[in-house]
Amino acid sequence: IRTYCSPETVIPRRVEHYRSMLENHRPRALFPVPNGIPRSVASALRSDSRRNRLSIVIPYYNLGDYLEECLESIFRSSYRDREVLIVNDGSTEAASLEALDRVREKYGDEVRIVTTENRGLPVARNTGAEKAGGEFLAFLDADDLVEPDFYERAVDEDTGFIVVKG
């Protein structure tokens, strides 16, 4: 088990897998994994045009009562190089659709809204990840808030991962 599951064995395989995925799919600097990628590999995979950009993906289904407060918390964030994507997973409530209209009006190009048919939370998250253009990827539910310094503390620009730091 140690031979097959050791980090020395597993990490090179993961790195090769991620390289293959990046080469065969839409370019992205890194994809987050629990065990990380060595700094030398992370640096080699980064694209300078997206370096340090944080993509915040918000899956959204009939959460109009919470969305605007969620976005306000993001825009109070000290981490400025970001993009915000809302994946509207086929919302049907009038109040939730009106909330999306208010967001379009208030934030314009600062928030991108992608509308899909209702296929559930995992598909909405995956859709957002596919549409994201940043080096870093974070998911935030539409009924959640973040502290102003959360992303500043969480993004580790040396390794290219979102981590929990002090």
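Annotations for the structure displayed:
- Between Asp149 and Lys131, the simple spin-label model (points 7 angstrom out along Cα→Cβ) gives 3.3 nm.
- Cβ-defined net charge surrounding Val57, 9 Å radius [Lys, Arg +1; Asp, Glu -1]: +2
- Solvent-accessible surface of the range 82-132, taken per residue with a 1.4 Å probe and all protein chains present: 55 Å².
- Net charge over other residues, Cβ less than 13 angstrom from the Cβ of Arg104 (K, R count +1; D, E count -1): -3
- Fully extended contour minus Cα-Cα distance, from Arg102 to Asn118, at 0.36 nm per residue: 3.6 nm
- From phi via Karplus (6.51, -1.76, 1.60), per-residue ³J(HN,Hα) for the range 85-95 in Hz, x at Gly/Pro: 10, 9, 9, 6, 8, x, 3, 10, 6, 4, 5
- Rounded to whole Å, the principal axis extents of the Cα atoms in the range 40-154 read 49, 28, 21, largest first.
- Computed from backbone phi, the HN-Hα couplings of the range 117-127 come to 6, 5, 10, x, 4, x, 5, 4, 5, 5, 4 Hz, rounded to whole numbers (Karplus: 6.51 cos²θ - 1.76 cosθ + 1.60, θ = phi - 60°; Gly and Pro given as x).
- Between Met21 and Ala95, the simple label model (points 7 Å from Cα in the Cβ direction) yields a spacing of 3.8 nm.
- Taking a sphere under 15 Å around the Cβ of Arg76 and counting the other residues whose Cβ falls inside, with K and R at +1 and D and E at -1, yields a net charge of -4.
The values are calculated or read from the model by the stated rules, or taken from the named source; none is laboratory data. Remember, predicted model here, so these are calculated numbers, not experimental data. Note that each Cβ is placed from the backbone with ideal geometry, even for glycine, and that neighbours are counted across all protein chains shown. With ligands, DNA and RNA removed, areas are computed over all heavy atoms of the protein, side chains included. Shrake-Rupley method; radii C 1.70, N 1.55, O 1.52, S 1.80 Å.
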